[in-house]
Amino acid sequence: MTTVLEARDVHFAFGRTPALRGADLRLGEGEILAVMGPSGSGKSTLLHCLAGILVPDSGEIHFDGQRIDRLGETGRSALRRDKFGFVFQFGQLVPELSAEENVALPLLLSGVRRSAATAEARVLLERLGLDGLAARTSGELSGGQAQRVALARGLVARPRVLFADEPTGALDSLTGEQVMDLLVGSARAEGTSVVLVTHEPRVAAYADREVVVRDGKVLALTAEPAA
Ligand code: ADP
Ligand code: MG
């Protein structure tokens, strides 16, 4: 399996608090990888390093054969915009905007014209079965609906990698399953690779492979795919 994203011996500390202490990880093309581990073990920090949000103190992050930890903020922010999609625990929709406008946002930020971005957002909302919600603001959505709209926003620019940090963490288990069905179904349909951070085994069960983060290191749970 082709490697899309890789962390090698990554260290990161928040001041004097070490969060990652030699983390290694490989994500394959089209692979859905669950990152498990107890609270405070370094899962979110690892995701942020992989996604070019944080820069490791030492170690390497490779994306498509490129050392992204060596890019400046401008390069990393372009990479996040053009290649990566994000969905976080509490959807974080812009409250003043409709669902459709929220979903169109990543395209607008990439310079797509408003009419084209809106059309694309509509297509995605429809594909995810959310077209009935297009005009609603986040205050008019249930938690599960808001999270599905946030997922649509994360996918609208057709990212190479979707980073999902506890995407079902704020939801009850049935609603969480609906979000995961949608996430996994869309990722599979598009061949999107996914880094899925979760502490819920039921959510991790959707992934192709699981790793566990413990004390800032990655322990493999299931076998890595052959290179
Ligand atoms: P997880 O996502 O597995 O719960 P995190 O990556 O958020 O873990 O945190 C790893 C460690 O880094 C923990 O000790 C946590 O307290 C610390 N940490 C995380 N974010 C910050 C921050 N912004 N400032 C200081 N310490 C932080
Ligand atoms: Mg976390």
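Determine if the range 194-202 includes at least one residue that is within 16 Å of ligand 1 (Cβ to nearest atom), at pLDDT 90 or above, assigned to a helix (DSSP H, G or I) and not basic (Lys, Arg).
Yes; the residues of the range 194-202 include at least one that is within 16 Å of ligand 1 (Cβ to nearest atom), at pLDDT 90 or above, assigned to a helix (DSSP H, G or I) and not basic (Lys, Arg).
Taking residue 173, is it surrounded by 15 or more Cβ atoms within 10 Å (Cβ to Cβ), without any contact (Cβ under 8 Å) to a residue 40 or more places away in the chain and small (Gly, Ala, Ser)?
When the stated conditions are applied, residue 173 does not pass them.
I want to confirm something. Restricting to the range 151-177 and keeping residues that are within 14 Å of residue 204 (Cα to Cα) and away from ligand 1 (no atom under 16 Å from the Cβ), which single residue is farthest from the chain's Cα centre (by Cα)?
173
Name the single residue that is modelled with the highest pLDDT among those in the range 153-170 being of a type in the set (Gly, Ala, Ser) and surrounded by fewer than 24 Cβ atoms within 10 Å (Cβ to Cβ). Don't jump to the end; show me each part of the working.
Just the residues of the range 153-170 that are of a type in the set (Gly, Ala, Ser), to begin with: 154, 157, 164, 169-170.
From the residues that got through so far, the ones that are surrounded by fewer than 24 Cβ atoms within 10 Å (Cβ to Cβ) too are 157, 169-170.
Details: 157: 93, 169: 89, 170: 87.
The qualifying residue modelled with the highest pLDDT is 157.
State which residue is modelled with the lowest pLDDT when the search covers only the range 80-111 and only residues that are assigned to a loop (DSSP other than H, G, I, E, B) and surrounded by 18 or more Cβ atoms within 10 Å (Cβ to Cβ).
Of the residues in the range 80-111, the ones assigned to a loop (DSSP other than H, G, I, E, B) are 88-97, 110-111.
With the extra rule that they be surrounded by 18 or more Cβ atoms within 10 Å (Cβ to Cβ), the set shrinks to 88-89, 91, 93.
On the way: 88: 89, 89: 84, 91: 76, 93: 93.
Of everything passing the filter in the range 80-111, 91 is modelled with the lowest pLDDT.
Give the residue, chosen from 58, 41, that is in contact (Cβ under 8 Å) with a residue 24 or more places away in the chain and within 12 Å of ligand 1 (Cβ to nearest atom). Talk me through it step by step, then tell me what you get.
Details: 58 fails: within 12 Å of ligand 1 (Cβ to nearest atom).
Testing whether each residue is in contact (Cβ under 8 Å) with a residue 24 or more places away in the chain and within 12 Å of ligand 1 (Cβ to nearest atom) leaves just 41.
Just to be sure before I move on: is residue 117 among the small types (Gly, Ala, Ser), within 22 Å of residue 169 (Cα to Cα) and within 22 Å of the chain's Cα centre (by Cα) in the structure I sent? Quick ask: steps written out before the conclusion?
Numbers: among the small types (Gly, Ala, Ser): yes; within 22 Å of residue 169 (Cα to Cα): no; within 22 Å of the chain's Cα centre (by Cα): yes.
Considered against the rule, which asks whether it is among the small types (Gly, Ala, Ser), within 22 Å of residue 169 (Cα to Cα) and within 22 Å of the chain's Cα centre (by Cα), residue 117 comes out as no.
Answer with yes or no whether residue 210 is in a strand (DSSP E or B) and over 29 Å from residue 78 (Cβ atoms).
Numbers: in a strand (DSSP E or B): yes; over 29 Å from residue 78 (Cβ atoms): yes.
Against the criterion (in a strand (DSSP E or B) and over 29 Å from residue 78 (Cβ atoms)), residue 210 qualifies.
Could you grab me the full set of residues in the range 13-53 that are more than 14 Å from ligand 2 (Cβ to nearest atom), under 14 Å from residue 207 (Cβ atoms) and among the small types (Gly, Ala, Ser)?
Passing the criteria: 28, 30.
Report, by residue number, each residue of the range 124-146 that is surrounded by fewer than 12 Cβ atoms within 10 Å (Cβ to Cβ) and in a helix (DSSP H, G or I).
Passing the criteria: 132, 139.
The values are calculated or read from the model by the stated rules, or taken from the named source; none is laboratory data. These figures come from a predicted structure and were not determined experimentally. So basically every Cβ, Gly included, is an ideal-geometry build from the backbone, and we count neighbours across all protein chains shown.
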